[in-house]
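J.: The structure's right below; bear with me while I get my questions together.
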Amino acid sequence: MHVVVCVKQIPDPAVPGALNADHTLKREGKPILDESDSYGVEMALQLVDAAGGGEVTLISMAANEETAGLRTALAMGAAKAVLVSDPACAGSDALGTAKALAKAVERAGSVDLVLTATESSDGYTGTVPAQMAELLGWPALTFAKKVDIADGTVTIQRQTEAGYDTVQASLPALVSVTAGVVEPRYPSFKGIMAAKNKPVDICTAADLGLDGQLGWAGARQTITNVENAPARQAGEKFEDDGTGFEKVVSFLENLKVI
Amino acid sequence: MFEWSEEHQMIRSAVREFVEKEVRPHREELEHGDMAPYELLRKLYKTFGLDVMAGASFDKRIAREEAAALAPMASASDDADGASEGSSGNAGMTMLPIIELCRCSPGMVTAMGVSVGLTAAAINGKGTIAQRKRWARDIATMEKIGAWAITEPNSGSDAFGSMQATARLDGDEFVLNGSKTFITNGPYADTIVFICKLDEGNPLNERRVVQFVLDAGMPGLEQSKPLRKMGMHSSPTGMLFLDDVRVGYDRLLGETLESFGGKAGREASKATFTMERTGVAAMALGIIERCLELCVPYAKERVQFGQPIGNYQLIQLKLANMEVARLNVQNLVFRVLEMSAAGKGMSLSEASAMKLYSAQIATQVAMEAVQLFGGNGYMAEYEVEQLARDAKVLQIYAGTDEIQITHIAKALLA
Ligand SMILES: Cc1cc2nc3c(=O)[nH]c(=O)nc-3n(C[C@H](O)[C@H](O)[C@H](O)COP(=O)(O)OP(=O)(O)OC[C@H]3O[C@@H](n4cnc5c(N)ncnc54)[C@H](O)[C@@H]3O)c2cc1C
Ligand SMILES: Cc1cc2nc3c(=O)[nH]c(=O)nc-3n(C[C@H](O)[C@H](O)[C@H](O)COP(=O)(O)OP(=O)(O)OC[C@H]3O[C@@H](n4cnc5c(N)ncnc54)[C@H](O)[C@@H]3O)c2cc1C
């Protein structure tokens, strides 16, 4: 079985982020593997194990041929990676990103399943997975909290507010997995040492046949303004004089929680 | 080498994450409870594949030596890299877990180092292939816990000179007697290397030093409960009592008395001392890094006389000295890695110099960290208190400061 995992390499959230004049995120420091995607990587490794063999390929689009985040996923056990990196990608909107990633999936060879996270930690539009599936012409199964593969079909438990729906599709398919579905493994020391020699196929927009369709050139979305989120309002303060519980109860009643 | 390589940095961040998630939440139990460190250490080994790696490298080395024994011509060249096993491929893989664990729980490193470092090395250094397979492999993979017992109530710094523990030949068995103290892992060890003198009816100072491997539970062997001590609470330390413990030649390291010409036995122990002393530099680095990491934000946040204390030059001096210490000790650690990568062994005197400096400066840094934190620094909650107690032992075990000085001076004046 051949599973592709989309992994986004994002600026380290521990370092304060900054925006460029065109409102795009500054991507200068060494990027890290988006934690949201570490679940997809773990899930893929487990699915390949359960299938009794196969391979996990990573797909990423990032600036400056950055591989730092990819190496982490390669150290966890993925076999190889396709990295779309090209100055022409700068300014890509979510659709542009989806186009590049879909083409990269085709470049990865014969693929049974693509895994993504439900949303990235930096852009979090949550739109890339469905767009990719549409471009590939494959079914999209989203918000999976459990994934099983058997006899050419994929069955997921799709997270809902009330619980979950069971959703099934034939392979190949694209599945987005929610955070926390599996416990991502630590890379072993051996895996870390091996990661630097694993193949990373770096390709440009032209290599993917997407000349002129990515980056600012292809974006149909423009970022007109970025504003700070409104500051959180101060809460109400009560001194508990022994009747505090009544205040809590009436507060919850107002919210119609009880 | 002036910085950690990209692979090293990946190893470091993976181990750091493990320590934060798996070890730090147990700090309280490790420090003030009865939690032994072994399950956490095993988890560390398993998580990062260190158990599998240690087993594979052990098997490979034994296979190579067995092949060389069959074709003796080939063996000479193979021997060269023999001593550096474990450290050979990539010493960083050994050093980084030491540094990272010491940022939280230096005692765990003591427990680990004495087992997979000292004890396994002693068996690998002197043991026959059969003995190494029997005991050293399981210790290297952390399946079994090892202890290395040389210190006695009346023999510490002068370990060989005033050693009283004895082995007496009785037919084709040895009868072992004596007591050992301050033995790391002593209370829980599965496998114990017991160092003593062969009593052939000759005077104490003429007796040969011999080493035996004991298993927990042997008749006549008693392992005490952990001793209460100043620091390193996550490393259980105890006493061993041997009362007519009977063992065959199969437990005598080397399986023949000929392998212990008085001098050779001492040389084998010296090689182990060198490894132990360079390990202390890595421990010191972890402690110093953590002190800085805790002190810098505290100096910025703690306000007295209307200003952050970091504005005062006396506090700045402390921070600057910590940074100087960090750079120096890190450079020493880098030197160990570079020498190992170049296949060069370190002299005992250089290892002693490294250990002396690292131990002293780590203790100094940790004590100054307590000072910088004021009253909070004296409280267990603020962590520097633990680091200061833990750091102190680096000046005592693995050879006291004073003994390191004698080793350095001896080499200089030779
Ligand atoms: C304010 C702002 C600034 C931006 N600045 C830049 C910029 O400077 N440079 C730039 O290139 N883009 C920039 N973008 C675009 C954005 O970062 C993404 O490339 C794109 O919109 C994907 O959207 P998302 O991250 O919201 O994906 P989502 O739909 O939230 O992602 C879902 C999942 O799809 C996969 N995925 C998404 N993107 C990638 C990827 N690149 N590689 C691999 N897998 C992926 C991951 O599995 C991810 O978890 C900016 C967007 C905004 C809103
Ligand atoms: C936490 C801990 C763990 C330990 N683990 C082990 C272990 O696993 N196995 C093991 O065998 N031992 C272990 N030890 C023992 C340790 O190696 C000894 O404590 C150490 O070597 C010092 O010996 P001593 O305690 O007898 O001190 P002493 O030798 O009595 O020293 C007392 C003082 O005299 C000084 N001194 C001694 N000789 C000289 C000299 N010639 N010139 C100048 N000054 C001198 C010393 O430096 C010291 O300051 C451990 C000790 C501790 C505290």
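J.: Assigning unit charges at the beta carbon (Lys, Arg +1; Asp, Glu -1) and nothing else, what dipole magnitude in debye, to the nearest 20, does the stretch A:1-143 show about its Cα centre?
T.: Using only the charged Cβ atoms, the result is roughly 220 debye.
J.: Probe of 1.4 angstrom, ligands and nucleic acids ignored: what's the accessible area per residue over the stretch B:270-413, in square angstrom?
T.: 47
J.: Moving to a separate point now. Setting aside same-chain residues fewer than 8 positions from A:Lys99, which aspartates and glutamates have a Cα under 12 Å from its Cα?
T.: Hits, sequence-local ones excluded: A:Glu134, A:Asp211.
J.: Right, another one. Using alpha carbon centroids, what distance separates the stretch A:149-193 and the stretch B:10-24, in Å?
T.: Measuring centre to centre over Cα atoms gives 26 Å.
J.: A:Asp151 label point, 7 Å along Cα→Cβ, cut-off 12 Å on backbone N: hits in the stretch A:161-196?
T.: No residues fall inside that zone.
J.: Going toward the positive end of the dipole of the protein assembly as shown, with +1 on Lys and Arg Cβ and -1 on Asp and Glu Cβ, which of A:Val175, A:Ile156, B:Ile62 do you reach last?
T.: B:Ile62
J.: What's the ranking of A:210-220, B:198-208 by average number of surrounding C-beta atoms within 10 Å, highest first?
T.: Ranking the peptides A:210-220, B:198-208 by packing returns A:210-220, B:198-208.
J.: Summing -39500 (n - 2.57) over the DSSP H runs of n ≥ 4 in the protein assembly as shown and dividing by its residue number, what mean residue ellipticity at 222 nm do you reach, to the nearest 500 deg cm²/dmol?
T.: It lands at -13000 deg cm²/dmol.
J.: Please go through the stretch B:341-414 and write out the chymotrypsin sites (Phe, Trp or Tyr not before Pro) that DSSP classes as loop and that have at most 10 other C-beta atoms within 10 Å.
T.: none
J.: How far is the Cα center of the stretch B:347-413 from the Cα center of the stretch B:31-67, in Å?
T.: That distance is 28 Å.
J.: Using a 1.4 Å probe over the heavy atoms of the protein chains, calculate the carbon and sulfur portion of the accessible area of the protein assembly as shown as a whole percent.
T.: Solvent-exposed carbon and sulfur of the protein assembly as shown make up 53 percent of the total.
J.: Now for a different question. Once you average over the residues of B:7-14, how many Cβ atoms of partner chains fall within 10 Å of each Cβ?
T.: Counting Cβ atoms of other protein chains within 10 Å of each residue's Cβ and averaging gives 5.
J.: Next question, about the same structure. All other residues with a Cβ under 12 Å from the Cβ of A:Ala140 taken together, and with Lys, Arg as +1 and Asp, Glu as -1, what is their net charge?
T.: Net charge around A:Ala140: 0.
J.: Sticking with this one: Interface size between chain A and chain B, please: total buried accessible area, 1.4 Å probe, rounded to the nearest 100 Å².
T.: 1400
J.: Taking K and R as +1 and D and E as -1, what net charge do the other residues with C-beta under 10 Å from the C-beta of B:Leu242 add up to?
T.: Taking every Cβ under 10 Å from that of B:Leu242, the sum is -2.
J.: Could I ask something else about it? Using packing as a proxy for protection, rank B:5-11, B:309-315 so that the peptide with the highest average count of other Cβ atoms within 10 Å comes first.
T.: B:5-11, B:309-315
J.: Next question, about the same structure. Student exercise: in the stretch B:6-145, how many lysine pairs 8 or more apart or on different chains have Cα atoms under 27 Å apart?
T.: Number of lysine pairs found: 14.
J.: Here is a further query. Can you tell me which lysines have their Cα less than 19 Å from the Cα of B:Lys229? Leave out same-chain residues fewer than eight positions away.
T.: Straight-distance partners of B:Lys229: B:Lys180, B:Lys392.
J.: Suppose all protein chains stay in the model; what accessible area per residue would a 1.4 Å probe give for chain A, in Å²?
T.: It amounts to 54 Å² per residue over chain A.
J.: Counting Lys +1, Arg +1, Asp -1, Glu -1, what net charge surrounds B:Leu44 among other residues with beta carbon under 11 Å of its beta carbon?
T.: Its environment carries a net charge of -1.
J.: Same structure, new question: Charges only on Cβ, +1 for Lys and Arg, -1 for Asp and Glu: so what's the dipole of chain A about the Cα centre, in debye to the nearest 20?
T.: Around 600 debye, computed over chain A.
J.: So if I place +1 on the C-beta of Lys and Arg and -1 on the C-beta of Asp and Glu, and nothing else carries charge, what would the dipole magnitude of the stretch B:148-265 be about its Cα centre? I want it in debye, nearest 20.
T.: 600
J.: Work out from phi, with θ = phi - 60° and the Karplus expression 6.51 cos²θ - 1.76 cosθ + 1.60, the ³J(HN,Hα) of each residue of the stretch B:101-107, listed in order in whole Hz, and give x for Gly and Pro.
T.: Each residue of the stretch B:101-107 in turn: 5, 5, 5, 10, 8, x, x Hz.
J.: Here's another thing I want to ask about it. Mind checking the angle between helix B:313-341 and chain B's longest principal axis? C-alpha axes, 0 to 90 degrees, to the nearest 10.
T.: The angle comes out near 30 degrees.
J.: Amide H to amide H under 5 Å from B:Val245: which residues, 5+ apart in sequence or cross-chain, H placed 1.01 Å off N in plane?
T.: B:Leu176
J.: Tell me, what is the FRET efficiency for B:Arg168 and B:Val296 to the nearest 0.05, using R0 = 51 angstrom and their Cβ-Cβ distance as r?
T.: Taking R0 as 51 Å, the efficiency between B:Arg168 and B:Val296 is 0.30.
J.: Also, quick follow-up: What angle, in degrees between 0 and 90 and rounded to the nearest 10, separates the Cα long axis of helix B:401-413 from the longest principal axis of the Cα atoms of chain B?
T.: Long axis of B:401-413 versus the principal axis of chain B: about 70 degrees.
J.: Determine the shielding of peptide A:183-196 by partner chains: average, over its residues, the number of Cβ atoms on other chains within 10 angstrom of each Cβ.
T.: If you average over the peptide's residues, the count of other-chain Cβ atoms is 6.
J.: Between B:Ser5 and B:Val324, what is the label-point separation in nm under the 7 Å Cα-to-beta-carbon projection?
T.: Distance between the two pseudo-spin positions: 3.3 nm.
J.: Here's another thing I want to ask about it. Measure nothing but the geometry: give the 0 to 90° angle between the long axis through the Cα atoms of A:94-107 and the longest principal axis through the Cα atoms of chain A, rounded to 10°.
T.: Value to nearest ten degrees: 40.
J.: Hey, what did chain A get for relative contact order, percent, Cα under 8 Å, at least 6 apart?
T.: Once normalised by length, the contact order is 23 percent.
J.: Sorted by mean Cβ packing within 10 Å, highest first, what order do the peptides A:85-98, A:121-134, A:18-31 take?
T.: Packing order, densest peptide first, comes out as A:85-98, A:121-134, A:18-31.
The values are calculated or read from the model by the stated rules, or taken from the named source; none is laboratory data. Remember, predicted model here, so these are calculated numbers, not experimental data. Please note: Cβ atoms are built from the backbone with ideal geometry, for glycine as well, and neighbour counts cover all protein chains shown. Keep in mind that these areas ignore ligands, DNA and RNA; they rest on the heavy atoms of the full protein, side chains included. Shrake-Rupley method; radii C 1.70, N 1.55, O 1.52, S 1.80 Å.
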